[in-house]
């Protein structure tokens, strides 16, 4: 089945950011994640000094925007390094704005561990 994306972004990630705000701020960027599909949604993640926070919606001002389908996001979570590049080059993972920041996003997910 994979992970529950809505639970990840509405509960787990916000809790991890609250627990480790200094580590989240070190990422130093604002992200907009748009995950298409029934289990997806849209989330804004602020890892800048004005944040840190993770919330539903599209407030604007993201440094990096990521668009991906729910099934492809599941693959990305399973193996970020390998699947991320494959999905990107296959056109299934679209990154807008500063593309280098997309690679730093993995550090945020590691805060959940």
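The values are calculated or read from the model by the stated rules, or taken from the named source; none is laboratory data. Remember, it's a predicted structure, so these values are computed and weren't measured experimentally. Counting neighbours? That spans all protein chains shown, and the Cβs are built from the backbone with ideal geometry, glycine included.
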Scan the stretch 77-85 and tell me whether some residue there is in a helix (DSSP H, G or I), touching a residue at least 60 places away in the same chain (Cβ under 8 Å) and over 14 Å from residue 10 (Cα atoms). yes
Any chance residue 18 is under 12 Å from the mean Cα position of the chain (by Cα) and either without any contact (Cβ under 8 Å) to a residue 40 or more places away in the chain or in a helix (DSSP H, G or I) (or both): no
Is one or more of the residues making up the stretch 36-46 touching a residue at least 12 places away in the same chain (Cβ under 8 Å), buried (at least 16 other Cβ atoms within 10 Å of the Cβ) and farther than 19 Å from residue 96 by Cβ? yes
Being touching a residue at least 12 places away in the same chain (Cβ under 8 Å), at positive phi and within 15 Å of the chain's Cα centre (by Cα), is that true of even one residue in the stretch 90-97? yes
Filtering the stretch 74-101 for residues that are under 18 Å from residue 25 (Cβ atoms) and buried (at least 17 other Cβ atoms within 10 Å of the Cβ) leaves a count of 1
Which of the residues spanning the stretch 28-51 are more than 14 Å from residue 68 (Cα to Cα) and either modelled with pLDDT of 95 or more or within 12 Å of the chain's Cα centre (by Cα) (or both)? 29, 30, 44, 45, 46, 47
Out of (1) part of a helix (DSSP H, G or I); (2) in contact with a strand residue (DSSP E or B) (Cβ under 9 Å, 6 or more places away or on another chain); (3) more than 20 Å from residue 19 (Cβ to Cβ); (4) at pLDDT below 90, the odd one out for residue 88 is which? (4)
